[in-house]
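Here the structure comes first, spelled out in structure tokens, and everything after it is commentary.
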Amino acid sequence: MELTNKEKMLLEDQLQAEYLCISKYKSYETQAVDPEIKYIFNMVYKQEQQHANAIKDLLIQGGFEPPPQQ
């Protein structure tokens, strides 16, 4: 699958947004006291990781190296 430069840039931007969400949800999970809230943040964190992995796969299939998570 060929990606245009614009598609690559959009996917990279979205991947950075996913990385930010991953970081925030992991932090929120760590800060939460209630076990149910911790569980919810963990579930959302895992979903965001799946989104990031899907975007990375699209970039790789398009012949690009995904940016690393910072």
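The values are calculated or read from the model by the stated rules, or taken from the named source; none is laboratory data. Please read all numbers here as calculations on a predicted model, not as lab measurements. Glycine gets a Cβ as well: all are built from the backbone with ideal geometry, and neighbour counts include every protein chain shown. Please note that ligands, DNA and RNA were not included when accessible areas were found on the heavy atoms of the full protein model with its side chains. Shrake-Rupley method; radii C 1.70, N 1.55, O 1.52, S 1.80 Å.
Towards the positive end of the charge dipole of the chain, with charges on Cβ (+1 Lys, Arg; -1 Asp, Glu), say which of CYS21, ASN5, ALA32 has the farthest Cα.
Projecting each Cα onto the dipole axis, the largest value belongs to ALA32.
Check the chain and count each lysine pair with an alpha-carbon distance under 24 angstrom, considering only pairs eight or more places apart or from different chains.
11
In degrees from 0 to 90, rounded to the nearest 10, what is the angle of the helix 5-31 Cα long axis to the longest principal axis of the chain?
The two axes meet at around 10 degrees.
Compute the angle between helix 35-61 and the longest alpha-carbon principal axis of the chain, please, reported from 0 to 90 degrees and rounded to the nearest 10.
Tilt relative to the chain: about 10 degrees.
Under a Cβ-only charge scheme (Lys and Arg +1, Asp and Glu -1), can you give me the dipole magnitude of the chain about the Cα centre, in debye to the nearest 20?
It comes to approximately 120 debye.
Using a basic spin-label model with each label point 7 Å from the Cα along Cα→Cβ, how many nm lie between THR30 and GLN14?
Inter-label distance under the simple model: 2.8 nm.
With the crude spin-label approximation of a point 7 Å out along Cα→Cβ, what separation in nm comes out for GLN50 versus LYS38?
2.3
Leaving out ligands, DNA and RNA, and with a 1.4 Å probe, what % of the accessible surface on the chain is carbon or sulfur? List each step's numbers first, then the result.
Numbers: 2830 of 5120 Å².
Here carbon and sulfur together make up 55 percent of the probe-accessible area.
Of the listed values (1) 103; (2) 139; (3) 61, identify the label whose number matches volume of the Cα convex hull per residue in Å³ calculated from this model.
(3)
Relative contact order (percent) for the chain, with alpha-carbon contacts under 8 angstrom and 6 or more residues of separation?
On the way: 53 pairs, mean separation 31.2, N = 70.
So the answer I get is 45 percent.
Using the heavy atoms of the protein chains and a 1.4 angstrom probe, tell me the accessible area per residue for the chain in square angstrom.
Numbers: 5120 Å² over 70 residues.
On a per-residue basis, the chain sits at 73 Å².
Counting only the heavy atoms of the protein chains, how much of ASP13 is accessible to a 1.4 Å probe, in Å² to the nearest 10?
100
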